[in-house]
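Participant: Please find one structure pasted underneath; my questions will follow.
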Amino acid sequence: MSDCCALNGRYDLVVIGAGSAGFSAAITAAELGANVALIGHGTIGGTCVNVGCVPSKTMIRAAQALHGARAAHRFPGLAGEANVVDWARLIGAKDELVTALRQKKYVDLLPEYNGVAYLEGPARLNGQGVIVNGDAITAGKIIIATGSSSPAQLDIPGVADVPYLTSTTALELRELPRSLLVIGGGYIGCELAQMFARAGVEVTLVTRRRLLPESEPEISEALTGYLRYEGINVRTGLAYRDIERTDRGVELTIAAEGAEEVIAAEQVLLTTGRSPNTDDLGLIEAGIRLSDNGGIAVDERMRTSKPGVYAAGDVTGRDQFVYMAAYGARLAAQNALNGDSLVYDNAAMPWVTFTDPQVAGVGLTEEAARAAGFETRTSLVSLEQVPRALAARDARGLIKLVADARTDRLLGGQILAPEGADSIQTMVLALKHGMTAKALGETIFPYLTTVEGLKLAAQGFGKDVAKLSCCAG
């Protein structure tokens, strides 16, 4: 599209970045009647649809199908087997899905909004607006939504000389490696380690701390056990000495329990987080401050340190989830056009790790609640107490809830369960509306569902749930 919708060459709003955050900001502004320039550079659609959520989750689900067949023996009288017969074809199907969603959810949307002009090219701030391909664009307000890239810098000696995979390139492999070393125990590392292991790759997963370090320790410990049970060599609490390329692949030297050890693999995958895309935007010259993690510093109303310039999404270095990017960008657009009245609120922000079992959480952990000054009570319930898990003959997992000991108000919750991702929204609503553990425990839940485990966990603050009858009665 051209810039035909600008008024006298001036836009009400210029949005830099055409990913989820950028589209959210542009659409919101257009719905408010603004003339918007949406500037993209590279593949339209950003991280989630192109190299993040969509491609990784379809591959994870494919690997889960393999595991599901092999695990059929948990039901007496059943047996099953499944194998990868054409990895390249599976990768091709993933690429087709990405292309279709990018077309439907991004490219095809642009003509639906007459107030949005799409401009392609690298953008840089100047005194009065933005420069794109050498052309100056005057803007009333600006939103920066340029996202992030992976991997974040990793301080292992020798890493710059090793041909490593990223979460993007790993999902582009046309042939499976025989062995894979995954460095990083966050959600990306755990998800991809399990996915490749289920596809038949010998996987070693290493991390300096523990798996999912932001999760409850009980969740982390249980997930570690489940991954090891599937044959993944999980190594935690170690130090990286150096990494080097060899004739057979790579070798990582680690220090663990007072001794050094070498881990060899055909390929190495770095999953050490994502870095905000802030280079070449002219931020420092424009007087825009960066935070310690390299992201653009914003206040609670999405404003940067430069008046009239806002930022949202991964480029801010916080809450790097596609739905939070869209939410923050929507607020930024509304504030930019209507007087900065809205405040960013992530107190009830859900998060999900798509391992199997899945990990999902919202609110404060027990440690974070205590650090915030709360006197806490907790309830920990194994999935062995959840009828749904027993019927499915898959009791891997647990549920932990945290409540204020003085008021009984729920402060947070985490679920480790095969269907945990689809259950966490109940906890989101409980926290958003200030529910107590007692109130949640008295709420009617459908029987033989994973989400019923939340009711059991809520009742677990005051009862031994093992002594309850069905339906958590």
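Participant: Which of the residues belonging to region 362-420 are within 24 Å of the chain's Cα centre (by Cα) and under 14 Å from residue 450 (Cβ atoms)?
Facilitator: If the condition is that a residue be within 24 Å of the chain's Cα centre (by Cα) and under 14 Å from residue 450 (Cβ atoms), then 396, 397, 398, 399, 413, 414, 415, 416, 417, 418, 419, 420 are the ones that fit.
Participant: Looking only at region 132-159, filter to residues that are assigned to a strand (DSSP E or B) and free of Cβ contacts under 8 Å to residues at least 60 places away in the same chain; which one of those is farthest from residue 42 (Cα to Cα)? Reasoning before the result, please.
Facilitator: Of the residues in region 132-159, the ones assigned to a strand (DSSP E or B) are 132, 135-144, 148-149.
Filter once more, keeping what is free of Cβ contacts under 8 Å to residues at least 60 places away in the same chain: 135-136.
Values: 135: 18, 136: 20 Å.
Checking each candidate, the answer is 136.
Participant: Here is a follow-up. If you scan region 22-37, which residues turn out to be among the β-branched types (Val, Ile, Thr) and closer than 12 Å to residue 141 by Cβ? If you could, list the steps in order and put the result at the bottom.
Facilitator: Applying the first criterion (among the β-branched types (Val, Ile, Thr)) to region 22-37 yields 27-28, 36.
Selection gives 36 alone.
Participant: Further question on the same structure: For the condition in the same structural domain as residue 187 (by TED's automatic domain parsing) and within 15 Å of residue 156 (Cα to Cα), what is the one hit in 263, 219, 232? Can you show your working first?
Facilitator: Working: 219 fails: within 15 Å of residue 156 (Cα to Cα); 232 fails: within 15 Å of residue 156 (Cα to Cα).
It is 263.
Participant: Here are 316, 355: which of them is among the β-branched types (Val, Ile, Thr), over 16 Å from residue 17 (Cβ atoms) and crowded, with 19+ Cβ neighbours inside 10 Å?
Facilitator: 355
Participant: Taking residue 79 as the residue in question, decide whether it is free of Cβ contacts under 8 Å to residues at least 40 places away in the same chain, assigned to a helix (DSSP H, G or I) and more than 23 Å from residue 187 (Cα to Cα).
Facilitator: On the way: free of Cβ contacts under 8 Å to residues at least 40 places away in the same chain: yes; assigned to a helix (DSSP H, G or I): no; more than 23 Å from residue 187 (Cα to Cα): yes.
When the stated conditions are applied, residue 79 does not pass them.
Participant: Just checking, how many residues over region 32-43 are of a type in the set (Val, Ile, Thr), assigned to a loop (DSSP other than H, G, I, E, B) and at pLDDT 95 or above? First the steps, then the outcome.
Facilitator: Here is the first cut: in region 32-43, the residues of a type in the set (Val, Ile, Thr) are 36, 39, 43.
Restricting the remaining residues to those that are assigned to a loop (DSSP other than H, G, I, E, B) gives 43.
Subset that is at pLDDT 95 or above: none.
Within region 32-43, residues that are of a type in the set (Val, Ile, Thr), assigned to a loop (DSSP other than H, G, I, E, B) and at pLDDT 95 or above number 0.
Participant: Now for a separate question. Can you tell which of 173, 205, 154, 165 is surrounded by 24 or more Cβ atoms within 10 Å (Cβ to Cβ), among the aliphatic types (A, V, I, L, M), more than 30 Å from residue 336 (Cβ to Cβ) and touching a strand residue (DSSP E or B) at 6+ places or on another chain (Cβ under 8 Å)? I'd like the intermediate steps shown before the answer.
Facilitator: Details: 173 fails: surrounded by 24 or more Cβ atoms within 10 Å (Cβ to Cβ); 154 fails: surrounded by 24 or more Cβ atoms within 10 Å (Cβ to Cβ); 165 fails: surrounded by 24 or more Cβ atoms within 10 Å (Cβ to Cβ).
The unique qualifying residue is 205.
Participant: Please work out if residue 25 is assigned by TED's automatic domain parsing to the domain that holds residue 334, crowded, with 24+ Cβ neighbours inside 10 Å, among the hydrophobic types (A, V, I, L, M, F, W, C) and over 23 Å from the mean Cα position of the chain (by Cα). Working first, answer last.
Facilitator: On the way: assigned by TED's automatic domain parsing to the domain that holds residue 334: yes; crowded, with 24+ Cβ neighbours inside 10 Å: yes; among the hydrophobic types (A, V, I, L, M, F, W, C): yes; over 23 Å from the mean Cα position of the chain (by Cα): no.
Against the criterion (assigned by TED's automatic domain parsing to the domain that holds residue 334, crowded, with 24+ Cβ neighbours inside 10 Å, among the hydrophobic types (A, V, I, L, M, F, W, C) and over 23 Å from the mean Cα position of the chain (by Cα)), residue 25 does not qualify.
Participant: Hey, another quick one. Just to be sure I understand, how many residues within region 281-321 are assigned to a loop (DSSP other than H, G, I, E, B) and of a type in the set (A, V, I, L, M, F, W, C)? Reasoning before the result, please.
Facilitator: Quick first cut of region 281-321, residues assigned to a loop (DSSP other than H, G, I, E, B) only: 281-282, 287-289, 291-295, 297-302, 304-308, 312, 317-321.
Now drop any that are not of a type in the set (A, V, I, L, M, F, W, C), which leaves 281, 288, 297-298, 302, 312, 321.
Total satisfying the criteria: 7.
Participant: What is the one condition in (1) out of contact with any Phe, Trp or Tyr (no Cβ under 9 Å at 6 or more places or on another chain); (2) modelled with pLDDT of 95 or more; (3) surrounded by 15 or more Cβ atoms within 10 Å (Cβ to Cβ); (4) of a type in the set (A, V, I, L, M, F, W, C) that residue 88 does not satisfy?
Facilitator: (3)
Participant: Which residue, of 78, 109, is closer than 30 Å to residue 392 by Cα and either in contact with a helix residue (DSSP H, G or I) (Cβ under 7 Å, 6 or more places away or on another chain) or not charged (D, E, K, R) (or both)?
Facilitator: Values: 109 fails: closer than 30 Å to residue 392 by Cα.
Answer to the check: 78.
Participant: Same structure, new question: Of (1) surrounded by fewer than 17 Cβ atoms within 10 Å (Cβ to Cβ); (2) touching an Asp or Glu at 6+ places or on another chain (Cβ under 6 Å), residue 251 satisfies all except one. Which?
Facilitator: (1)
Participant: Out of all the residues in region 372-381, which are surrounded by fewer than 19 Cβ atoms within 10 Å (Cβ to Cβ) and either in a strand (DSSP E or B) or not assigned by TED's automatic domain parsing to the domain that holds residue 403 (or both)? Explain how you work it out, then say what you get.
Facilitator: Taking region 372-381 as the starting set, the residues that turn out to be surrounded by fewer than 19 Cβ atoms within 10 Å (Cβ to Cβ) are 372-373, 375, 377, 380.
377, 380 - these are the residues of region 372-381 that are surrounded by fewer than 19 Cβ atoms within 10 Å (Cβ to Cβ) and either in a strand (DSSP E or B) or not assigned by TED's automatic domain parsing to the domain that holds residue 403 (or both).
Participant: I would also like to ask the following. Considering 61, 70, which residue is within 24 Å of residue 169 (Cβ to Cβ) and either modelled with pLDDT of 95 or more or buried (at least 18 other Cβ atoms within 10 Å of the Cβ) (or both)?
Facilitator: Working: 70 fails: within 24 Å of residue 169 (Cβ to Cβ).
Only one candidate passes the filter, namely 61.
The values are calculated or read from the model by the stated rules, or taken from the named source; none is laboratory data. These numbers come from a predicted model, not from an experiment. A quick note on method: Cβ atoms are made from the backbone with ideal geometry, for glycine too, and the neighbour counts reach across all protein chains shown.
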